[in-house]
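Since the structure comes first, as structure tokens, the remarks are kept for the end.
The values are calculated or read from the model by the stated rules, or taken from the named source; none is laboratory data. As the structure is a computational prediction, the values presented were derived from the model and not from experiment. Glycine also receives a Cβ, built like all others from the backbone with ideal geometry; neighbour counts cover every protein chain displayed. Each accessible area value is taken on the protein alone, full model and side chains, heavy atoms only, with ligands, DNA and RNA left out. Shrake-Rupley method; radii C 1.70, N 1.55, O 1.52, S 1.80 Å.
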Amino acid sequence: MKEFEVIETLSKFFINPPGNIGIGDDTAAIKIGHEYYLITVDTLAEDTHYRKKWREVFPNLYRSIGWKLLAVSVSDIASMGGIPHVAVTSFTLKKGFEEKEITELAKGMSAACRHFNVLLVGGDTIRGNCEVFSLTLTGKTEEIMTRNSAKPGDYIAVTGTCGDAAAGLKILESEKIDTLEKRKLVEKFLYPYPSIETGEKLKLAGVKCCMDNSDGLLFTCYEIGKQSKVAVNLESEKIPVSKEVKKLFGDNALKLALSGGEDFNLVFTFPKSLKALFEKEKNIFIIGRITEGSGTYIDGKPATISSFDHFGG
Ligand SMILES: Nc1ncnc2c1ncn2[C@@H]1O[C@H](COP(=O)(O)OP(=O)(O)O)[C@@H](O)[C@H]1O
Ligand SMILES: Cc1ncc(C[n+]2csc(CCOP(=O)(O)OP(=O)(O)O)c2C)c(N)n1
Ligand SMILES: [Mg+2]
């Protein structure tokens, strides 16, 4: 069973009342009065999202885990157009855990709480056989952007370069961090900066369809296509790749940009009437068009979706 099959199985048991969003989008959204209350949870686990041995090069690794633990959920709230509000966490620690790590984690998490204006109000701590950090975040918005509202004729765009975090992970796993370029990519992986302001700006401009690209650009496009029942057509030369990734990964740069996860940019679609507005924006890259049909295509050819799946394949 793959990750998406687990989620599909679960979603058959929990159908939400109309007007609310349940399983399937970046956050759940519950309409109360004229507002949507948003809620999302994400998890970072040892050897799935980080390795303790990375402390050899980043002694303060746990500070980045604390930062990232909140940032990944902020990204989900931002992709709905929301403002984050309150967080609770859950820690599973192994017997003999180090005190310094918890202090570092708290420093990273509190820095992120200040940066993203989130209140951490509680949590739960237990002992287990694998170290796991989980965080639940709420948010609010009057209008929402969803994965299922792309329309044929829309353009599709992304709010930053793709593949940087995946490149950072590759460097951290296999190479010496001996240049500024490598360090910059590793830091992008360790310290993601989702933008609440960007999500709000898109929503206020009238964007209806948005998702974050935590699972990679291609997977994100595939998901928008599947949920909106449309085809996504990308132009490879329009996909934004940083100069560092181009320089260090050469021919593999585009593959990293398409498949690599954890960049935490927003992917969104919009009608032609908004094209002039977004063309002016320095950090918005128009990468393709939405048409009738299904599937994701690159330069007219069906794309092979290879993204991170927790259960392989
Ligand atoms: N164990 C679970 N129980 C209920 N819903 C789940 C579970 N795992 C994932 N989901 C839901 O499936 C959707 C996709 O999950 P995920 O890929 O983790 O999204 P995201 O990348 O936005 O964090 C989300 O709506 C999420 O809430
Ligand atoms: C040791 C290690 N191996 C691989 C990865 C890459 N990785 C782990 S999870 C993931 C995708 C996103 O993860 P998930 O926790 O499912 O986030 P969500 O889809 O819920 O936002 C990627 C690319 C990593 N961060 N660390
Ligand atoms: Mg998730």
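Please identify, among Phe278, Phe264, Phe13, the residue showing maximal mean-square fluctuation in a Gaussian network model of the chain using a 10 angstrom Cα cutoff. The residue with the greatest mean-square fluctuation here is Phe13. The mean accessible area for residues of the chain, using a 1.4 Å probe and ignoring ligands and nucleic acids, is 50 Å² per residue. Here the extension length gained between Glu173 and Glu237 equals 20.2 nm, from 0.36 nm per residue of separation less the Cα-Cα distance.
Dipole check for region 28-85: with +1 at the C-beta of Lys and Arg, -1 at the C-beta of Asp and Glu, and the Cα centre as origin, the magnitude is about 240 Debye.
The alpha carbon centroids of region 238-254 and region 12-34 are separated by 38 Å. Pairs of lysines in region 18-141 whose Cα atoms sit within less than 23 Å of one another amount to 17, provided the residues are eight or more positions apart or on different chains. Within region 48-118, the trypsin sites (Lys or Arg not before Pro) that combine a DSSP coil assignment with at most 14 other C-beta atoms in a 10 angstrom radius are Arg51, Lys94, Lys95.
Here the dipole of region 241-308 is about 240 debye; that uses its Cα centre as origin and unit charges on the Cβ of Lys and Arg (positive) and Asp and Glu (negative). Summary value for region 155-302: 44 percent relative contact order, contacts being C-alpha pairs under 8 angstrom separated by 6+ residues.
The stretch between Glu56 and Asp299 holds 83.2 nm of extra length on full extension. This uses 0.36 nm per residue minus the Cα-Cα distance. The three principal axes of the C-alpha atoms in the chain carry coordinate ranges of 56, 51, 39 Å, sorted with the longest axis first. For Asp26, the residues whose modelled amide H falls within less than 5 Å of its own, excluding neighbours fewer than 5 places apart on the same chain, are Arg147. Exceedance of the 24 Å cut-off in Cα-Cα distance is limited, within the set Lys201/Lys238; Lys226/Lys280; Lys184/Lys247, to Lys226/Lys280.
The calculated 222 nm mean residue ellipticity attributable to helices in the chain amounts to -11000 deg cm²/dmol, summing -39500 (n - 2.57) over DSSP H runs of n ≥ 4 and dividing by all residues.
In region 8-119 the Cα-Cα distances spread across 10 Å bins starting at 0 as 12, 37, 29, 17, 4, 0 percent of all pairs. Evaluating kT/(6 pi eta Rh) at 37 °C and 0.692 mPa s, with the Kirkwood radius of region 169-250 over Cα pairs in the Stokes-Einstein relation, gives 213 µm² s⁻¹. Using equal-weight Cα scatterers in the Debye expression, the normalised intensity of region 155-302 in log10 at q = 0.09 Å⁻¹ is -0.27.
Measuring r between the beta carbons of Arg114 and Glu187 and using R0 = 25 Å, the FRET efficiency lands at 0.85. Taking only protein heavy atoms and a 1.4 Å probe, the accessible area of region 171-240 is 50% carbon and sulfur. Placing +1 on the Cβ of every Lys and Arg and -1 on the Cβ of every Asp and Glu, with nothing else charged, gives region 155-302 a dipole about its Cα centre of roughly 380 debye. Available extension along the chain between Leu180 and Lys272 is 29.1 nm, counting 0.36 nm per residue and deducting the alpha carbon span.
Measuring nothing but how far apart in sequence close Cα pairs (under 8 Å, 6+ apart) lie, relative to its length, the chain scores a relative contact order of 22 percent. Each listed q (0.11, 0.24 Å⁻¹) maps to a log10 I(q)/I(0) for region 128-226 from the Debye sum over equal C-alpha point scatterers, namely -0.48, -1.28.
With the full set of protein chains in place, find how many percent of the accessible area of region 18-141 is carbon and sulfur; take the probe as 1.4 Å. Answer for region 18-141: carbon and sulfur cover 56 percent of the accessible area.
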